[in-house]
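Peer 1: Right, I'll just put the structure down here and ask away after.
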Amino acid sequence: MTKLWGGRFQKSAEAWVDEFGASIGFDQQLVLEDLEGSVAHVTMLGATGILPAADVDAILSGLAQLQEKAIAGELEFTVANEDIHLNLEKMLIDLIGPVGGKLHTGRSRNDQVATDMHIFLKKRVKEAIGLIETFQKTLLEKAEEHVETIAPGYTHLQRAQPISFAHHLMAYFWMLERDKQRFTESLKRIDILPLGAGAMAGTTFPIDRLKSAELLGFNEVYANSMDAVSDRDFIVEFLSNSSLLMAHLSRFAEEIILWSTDEFKFIELDDAFSTGSSIMPQKKNPDMAELIRGKTGRVYGN
């Protein structure tokens, strides 16, 4: 199969080279974001007169069909097309013909994948903030029920001072509040659009980057094209913020594990969130809390 980028090559790559270099195994998670960026890009190409209206209409129709199939889980990706961008471009051309190749006018895979990641993280960070707020609300409700409930406070796992159980729960509320603040603050650096930066030095087409930003709901565009395609700071920041969040969740999960043991007997877990044992039927295991602690290591590793 001839690669979309393979014009100068006289020889096909070995099969293992294609497999080793392909990223479609994981970047297919960006399918909806990639299509969203493409819709905005071709709309901008039409608005600036770079592409004629007929071509824009045909491409948008094809992208809409791909979006429907993506949502329905009906798209099949191949290693031969190596990444999410080339897979979708090939599908588009198969759907509407050679005009589909014009989608890439004034755009590189470099600014395309960077755009995908910005769109992806904007959605995920907002989702994380919403989930944190839901957890905070639950903690607050439980704390209000237990203002007068006295519990032992521990240092070194030794009983230290009596405290209100509400006070203990609210410690986690405020940890989560800092987590929420960090994620919210990070949105400023995620909400910058790299589209239009090209491979590294922009494009000679008279594109309108601000129009693309408006269509995609971004507040800013990158001031420097080289920075736009190379910046991954916002991803590292997201992973760092996620690690701190997981540290707090792991700490709370360990409390649940301890509190539900026969040695502590402070709480009993609901059956809906517990597991049992096939050989020891008396057991009620806090598996969900244990798995939260286990998955924390995965986030740290990332």
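Peer 1: Mind listing the Cα extents of the range 1-73 along all three principal axes, in Å, largest one first?
Peer 2: Here the Cα extents, ordered largest to smallest, are 41, 32, 15 Å.
Peer 1: At a Förster distance of 41 Å, what's the computed FRET efficiency of L187 paired with A272, Cβ-Cβ distance as r, to 0.05?
Peer 2: Working: r = 34 Å, r/R0 = 0.83.
That gives a FRET efficiency of 0.75.
Peer 1: GNM on the chain, C-alpha springs below 10 Å: top fluctuator among Y222, Y154, Y172?
Peer 2: Residue with maximal mean-square fluctuation among Y222, Y154, Y172: Y154.
Peer 1: Relative contact order for the range 193-302: what is it in percent, counting Cα pairs under 8 Å that are at least 6 residues apart? Present the calculation step by step, with values, prior to reporting the outcome.
Peer 2: Values: 102 pairs, mean separation 24.4, N = 110.
The normalised contact order for the range 193-302 reaches 22 percent.
Peer 1: Once you have the Cα-Cα distance between V79 and E144, take 0.36 nm times their residue separation minus that, and quote the gain in nm to one decimal. Could you put the intermediate results ahead of the total?
Peer 2: Working: separation 65, 0.36 × 65 = 23.40 nm, distance 5.46 nm.
Gain on stretching V79 to E144: 17.9 nm.
Peer 1: Please sort 106-114, 187-195 by packing, taking for each peptide the average over its residues of neighbouring beta carbons within 10 angstrom, highest first.
Peer 2: Numbers: 106-114: 22.3, 187-195: 20.1.
Listed from highest to lowest mean packing, they are 106-114, 187-195.
Peer 1: Let me ask you something else. Run the numbers on the chain and let me know its relative contact order in percent, using alpha-carbon pairs under 8 Å that are six or more apart.
Peer 2: On the way: 358 pairs, mean separation 47.1, N = 302.
Worked out over the chain, it gives 16 percent.
Peer 1: In the chain, which whole DSSP H runs stretch at least 15 Å along their own axis (Cα) and average -1.0 or higher on the Kyte-Doolittle scale?
Peer 2: Working: long enough: 31-47 (24 Å, 0.79); 53-71 (27 Å, 0.58); 84-96 (18 Å, 1.00); 109-145 (54 Å, -0.52); 165-190 (38 Å, -0.53); 233-259 (39 Å, 0.79); 287-301 (22 Å, -0.46).
Long hydrophobic helices here: 31-47, 53-71, 84-96, 109-145, 165-190, 233-259, 287-301.
Peer 1: Same structure again: How many Lys pairs in the range 111-301 lie less than 15 angstrom apart by Cα atoms, where the lysines are 8 or more positions apart or on different chains?
Peer 2: Final tally of qualifying lysine pairs is 10.
Peer 1: Add +1 for every Lys or Arg and -1 for every Asp or Glu among the other residues with Cβ under 13 Å from the Cβ of M246, and state the total. Don't skip to the answer; put the middle values down first.
Peer 2: Values: positive: R182, R251, R293, K295, R298; negative: D179, E254.
Here the count lands on +3.
Peer 1: What whole-number distance in Å separates the alpha-carbon centres of the range 252-299 and the range 197-211?
Peer 2: If we compute the Cα centre of each part, the gap is 54 Å.
Peer 1: Additional query: Counting only GluC sites (Glu not before Pro) that are in a DSSP loop and have at most 12 other C-beta atoms within 10 Å, tell me the longest site-free stretch of the chain.
Peer 2: Values: sites that count: E14, E74, E76, E148, E263, E268.
Free of exposed loop sites, the longest segment is 149-262.
Peer 1: Mind checking the range 49-103 for trypsin sites (Lys or Arg not before Pro) that DSSP puts in a loop (not H, G, I, E or B) and that have at most 11 other Cβ atoms within 10 Å? Can you show the working numbers first?
Peer 2: On the way: sites: K69, K90, K102; in loops: none.
Taking the range 49-103 and a limit of 11 other Cβ atoms within 10 Å, no loop trypsin sites (Lys or Arg not before Pro) are found.
Peer 1: When Lys and Arg each count +1 and Asp and Glu each count -1, what net charge do the other residues less than 9 Å away from D27, Cβ to Cβ, add up to? Let's see the in-between values first.
Peer 2: Details: positive: none; negative: D34, D83, D116.
Taking every Cβ under 9 Å from that of D27, the sum is -3.
Peer 1: Which length gain, in nm to one decimal place, applies between K284 and A171 when the Cα-Cα distance is subtracted from 0.36 nm times their residue separation? Numbers along the way, then the final one.
Peer 2: Numbers: separation 113, 0.36 × 113 = 40.68 nm, distance 2.68 nm.
Extra length from K284 to A171 when fully extended: 38.0 nm.
Peer 1: Ordered by packing density, taken as the mean number of other Cβ atoms within 10 Å over each peptide's residues, highest first, how do 25-32, 246-253, 115-122 rank?
Peer 2: Values: 25-32: 16.2, 246-253: 18.6, 115-122: 22.8.
Highest to lowest by the protection proxy: 115-122, 246-253, 25-32.
Values quoted throughout were computed directly from the atomic coordinates according to the rules given, and no laboratory measurement underlies them. For clarity, every value in this text was computed on a predicted model and none was experimentally measured. With ideal geometry, Cβ positions are generated from the backbone for all residues, glycine too; neighbour counts draw on all protein chains shown.
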